[in-house]
Amino acid sequence: MNPVGFFLVVGGLFSICGAAFDWDFFMNHRKARFLVSILGRTGARVFYFLIGLVVTVLGALIAAGVIKDGA
């Protein structure tokens with residue numbers, strides 16, 4: 001198992017959980033506040049959920065060896 005893929009999966013799942021469970025510490029982070037101000041809280045949650053999903057799938061593909069990580 002490629003460690004890069006593993007860390008991407010963990011990061012993606014963290015983003016999905018932060019959006020799905022509407023964690024205040026996640027959505028009130030200074031970098032997330034910008035998206036919340038533009039998209040609203042619900043829009044930012046959808047955005048972070050989709051980004052997390054993409055990162056998780058990408059990480060799983062790298063971990064499985066389907067995609068090479070370039071290292």
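The values are calculated or read from the model by the stated rules, or taken from the named source; none is laboratory data. On a predicted model such as this, the values are computed, not experimentally measured, just so you know. No Cβ is skipped: glycine too gets one built from the backbone with ideal geometry, and neighbour counts run over all protein chains shown.
Observations on the model:
- Every residue from the range 24-71 that is part of a loop (DSSP other than H, G, I, E, B) and farther than 30 Å from residue 1 by Cα: 28, 29
- Members of the range 12-33 that are surrounded by fewer than 17 Cβ atoms within 10 Å (Cβ to Cβ) and either touching a strand residue (DSSP E or B) at 6+ places or on another chain (Cβ under 7 Å) or within 30 Å of residue 66 (Cα to Cα) (or both): 13, 14, 17, 20
- Scanning the range 1-48 for residues that are out of contact with any Gly (no Cβ under 8 Å at 6 or more places or on another chain) and among the hydroxyl-bearing types (Ser, Thr, Tyr) gives 37, 42.
- Options 9, 66, 55, 36: the member that is without any contact (Cβ under 8 Å) to a residue 12 or more places away in the chain and surrounded by 17 or more Cβ atoms within 10 Å (Cβ to Cβ): 36
- Among the candidates 65, 40, the residue that is of a type outside the set (Asp, Glu), at positive phi and at pLDDT 95 or above is uniquely 40.
- Scanning the range 39-71 for residues that are closer than 21 Å to residue 18 by Cβ and β-branched (Val, Ile, Thr) gives 42, 46, 51, 54, 55, 56, 57.
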